[in-house]
Amino acid sequence: MSPFREAESRWHRWRAHIAARPSLNLPYRIGVGVIGLIVLAVGVVTIPYPGPGWLIVFAGLGILASEFAWAHRLLHFAKARYDRFMTWFGTQSLIVKGLGVLFTTVVVMATLWVLGTFHLLGTWVGLDYSWLESPL
């Protein structure tokens, strides 16, 4: 038996052990739900930033899908739409790709401004302009 099949078999036995006990099953499902939603939320927040935003979203959905059928359906739906969009975006002209980069840059800069990052960095180098301050 391959190591992956063996690990999967152990996982299924362990999960069946928990599922057979209602006093363990409900807290387990709540814990999976809370952790999955936290990971999903972090992923959604990080989508416009350089890095693994979508990977984190899919990881959060994967965590939720391990216990919830709706999340399993949503994971497959989101992955199909993501793949279709990336295929479409890859075939676009340089102008469309450039607009995508510009939009992403504007979103990142606006978010950093709202979070007060520019003001913080400005104070480190002696720049104290009021327009660097967050509107919050």
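Every read-out reported here was derived from the displayed coordinates using simple, explicitly stated rules and does not represent laboratory data. Bear in mind the structure is a predicted one, so any value in this text is a computation, not a measurement. Reconstructed Cβ throughout: ideal geometry from the backbone, glycine too, with neighbour counts over all protein chains shown.
Tabulated data
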{"item": "Full-stretch length increase - W11, V114 - with 0.36 nm per residue and alpha-carbon distance subtracted", "result": "32.7 nm"}
{"item": "Helical mean residue ellipticity (222 nm; -39500 (n - 2.57) per DSSP H run of 4+; nearest 500) of the chain", "result": "-26500 deg cm²/dmol"}
{"item": "FRET efficiency for S93 and T46, using Cβ-Cβ distance with R0 set to 30 Å, rounded to 0.05", "result": "0.65"}
{"item": "Rounded to 10°, Cα long-axis angle of helix 53-65 versus longest principal axis of the chain", "result": "20"}
{"item": "Rg over Rh, two decimals, the chain (C-alpha only, Kirkwood Rh)", "result": "1.15"}
{"item": "Acute angle (nearest 10 degrees) that the helix 69-90 long axis makes with the longest principal axis of the chain, alpha-carbon atoms", "result": "40"}
{"item": "Only Lys, Arg (+1) and Asp, Glu (-1) charged, at Cβ; the chain dipole about Cα centre in debye", "result": "760"}
{"item": "Shape call, region 92-136: gyration tensor on alpha carbons, a/c limit 1.5", "result": "prolate"}
{"item": "Per-residue HN-Hα couplings for region 109-124 [Karplus 6.51, -1.76, 1.60; θ = phi - 60°; Hz; x = Gly/Pro]", "result": "5, 4, 5, 4, 5, 4, 6, x, 5, 5, 5, 4, 5, x, 5, 5"}
